[in-house]
Structures are given as C-alpha cells and as structure tokens.
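Every number in this text was worked out from the coordinates using simple rules, so none of it is lab data. As the structure is a computational prediction, the values presented were derived from the model and not from experiment. Every residue, glycine as well, gets a Cβ built from its backbone with ideal geometry; the counts of neighbours run over all protein chains shown.
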Amino acid sequence: MPTHRPERTEAQVRIDLAAAYRLAAQRGWDDTVYTHISASVPGEPGVYLINRFGARFDEITASSLVKVNTRGEVVDGTAGPVNPSGFAIHGAVHAARPELECVMHLHTAAGVALAMLPDGLQPTSQWAMRLHRQLGRHPYEGLAFGAAERERLVTNLGQLDGVILENHGPLMVGRSVAEAWMLMYLLDRAAQAQLSAMAASGGQVRAVSEELAMLTYRQWVGDGSERDGDIEWPALLRGLDAADPSYRD
C-alpha cells in the first residue's frame with residue numbers, strides 16, 4: 001500500500017519549487033526568462049505558484065514566487081508580472097489534474113530535439129523505460145493557447161506522467177515538485193542518450209521489446225509506495241544548500 005504522507009505546507013512547497021528552478025538552471029535547462037515550473041498551493045484549490053516573468057531561473061527564491069489561480073489572475077496582492085503562456089499551459093493542467101502538485105514545462109535542447117522526432121522517445125535506455133507508455137503527444141498549433149487547445153492538451157496528457165509538445169518541448173507532471181523534477185531529469189537523460197546514439201549510428205538505435213520495456217517500467221514504479229524523487233531530492237537539496245542556499249529566502 002502507498003505510504004501515508006503528511007500534508008504539505010505552502011512554505012515547504014515554495015522552498016521546493018524555488019529549488020527546482022535553481023537545480024534546472026544548474027543543468028542549463030533554462031531559456032533566458034521563458035518556460036515555467038509551477039506548484040499548487042496546499043489548502044487553496046485552484047491556486048498555484050509560478051515564477052515572476054522576467055526573472056532568471058537562478059534568481060528564483062521561495063518568497064519571489066507569484067500566487068495565481070487557474071483563471072490567470074494574480075491573487076497574492078503583489079500584481080507580479082506573469083507570462084500569459086504560464087497561465088495557458090500550467091493553469092489548464094492544474095485545473096484538470098488537481099491531485100498533482102507540480103507542472104514542469106521546459107525548452108531543453110534535448111527535449112526540443114526529441115519533440116521533432118516523429119516516433120519520439122524509444123525504449124533504448126533504462127531512463128527511457130521508466131517513461132515507457134507514460135508520455136502523450138500534443139501537435140504544435142503555434143504560440144497561442146486558446147481554450148480549445150487547452151482542452152486538447154489536457155486530453156493528450158490524460159493521466160500520464162507527461163506530454164511531448166511537438167516542435168516545442170516536454171511537459172512533465174508530478175504529485176510533488178521532487179517527482180516532477182526527477183521525471184524531467186529522466187526524460188532529458190533518455191533524450192540525450194537516444195539522440196547521441198542516433199547521431200552516431202545514422203539514426204539506427206537498439207530498442208528493447210515491448211514486453212521487456214513494460215517489465216522494466218513495472219519494476220521501476222513498484223507498488224507505488226515510493227515516488228521518483230523521494231530518495232534523490234534530499235541529496236539534490238544538500239548540494240544546492242552547499243552551493244547557494246539563497247533559494248530558501
């Protein structure tokens with residue numbers, strides 16, 4: 001049976017979300033001031049935290065995050081600027097999947113390259129097998145995300161761990177900030193490995209069978225009592241605290 005987890009506080013979520021931005025910046029996952037990682041606010045249905053538009057990932061602190069609702073309204077009294085695409089994508093997912101804590105959409109080089117491949121991620125590495133059959137696909141429709149496209153996006157995500165926005169980049173979700181961050185990490189590593197192998201072999205890669213890919217996925221997720229990030233996140237935070245603990249401010 002899944003392990004009982006104590007209810008989170010807003011302060012805890014803010015610290016983890018700020019850490020996720022800083023850890024992403026360390027790995028070169030940022031795109032100047034664009035893309036977003038958001039997290040729902042405990043005890044406030046339909047309200048989530050997101051980065052202030054114009055701030056770099058390496059500048060984010062727990063107190064600098066802006067509180068908004070799924071209608072795209074800033075509700076913390078700060079009138080902080082927020083990128084409209086953050087409302088369009090993140091607000092739609094938070095509204096459709098209220099059980100999730102975190103939504104993470106990035107423009108990593110490997111993730112965008114993967115989004116260009118017709119067959120997407122293949123079961124070619126252990127990293128990829130954790131995500132086997134867990135990634136939806138959403139066709140590119142331009143920069144704007146109107147109401148109709150938001151509905152299509154959440155339909156394509158369904159109950160999966162993420163969705164590849166074709167010709168755009170990856171979006172991953174998690175029941176915690178740690179889980180979403182680790183799933184994005186696994187996706188990025190898997191994409192880098194697959195793309196490197198394709199470049200070295202003229203596009204040919206060795207994929208495992210469907211049966212073996214599904215076996216490996218089931219072995220990875222186990223009985224659900226342990227989430228991705230449970231073990232890794234404290235270690236990542238220790239490294240971040242040693243380098244620059246100002247994200248907690």
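A few remarks follow.
- Which of 136, 41, 86, positive extreme of dipole for the chain (C-beta unit charges): 136
- Stretch in the chain that is longest and holds no trypsin sites (Lys or Arg not before Pro) that DSSP places in a loop and that have at most 15 other beta carbons within 10 Å: 134-205
- D (Stokes-Einstein, µm²/s), Kirkwood Cα radius, the stretch 10-241, 0.692 mPa s at 37 °C: 183 µm²/s
- Excluding exposed DSSP-loop chymotrypsin sites (Phe, Trp or Tyr not before Pro) (at most 16 other C-beta within 10 Å), longest clean stretch of the chain: 141-249
- Helix-derived mean residue ellipticity, 222 nm - over the chain, DSSP H n ≥ 4, -39500 (n - 2.57), to 500: -12000 deg cm²/dmol
- For the stretch 86-203, fraction of C-alpha pairs farther apart than 24 Å, in %: 21 percent
- Cα centroid separation, the stretch 105-126 to the stretch 190-221 (Å): 11 Å
- Phi-based couplings in Hz for the stretch 163-169 (Karplus 6.51, -1.76, 1.60; Gly and Pro marked x): 9, 8, 7, 4, 6, 9, x
- In sequence order, the stretch 26-42 has phi-based couplings of 4, 9, x, 7, 7, 9, 6, 10, 9, 6, 8, 10, 10, 9, 5, 8, x Hz under the Karplus curve 6.51 cos²θ - 1.76 cosθ + 1.60, θ = phi - 60°, and Gly or Pro positions carry x.
- Prolate/oblate/rounded label for the stretch 203-249 (Cα gyration tensor, a/c 1.5): oblate
- Restricting the stretch 1-105 to GluC sites (Glu not before Pro) in coil, as DSSP defines it, with at most 14 other Cβ within 10 Å: 7, 73, 99
- Label-point gap, in nm, between residue 143 and residue 160 - each point 7 angstrom along Cα→Cβ: 2.7 nm
- The simple Förster model, with R0 at 35 Å and r as the Cβ-Cβ distance, assigns residue 12 and residue 119 a FRET efficiency of 0.35.
- The GluC sites (Glu not before Pro) of the stretch 161-234 that meet both conditions, a loop assignment by DSSP and at most 13 other Cβ atoms within 10 Å of the site Cβ, are 226.
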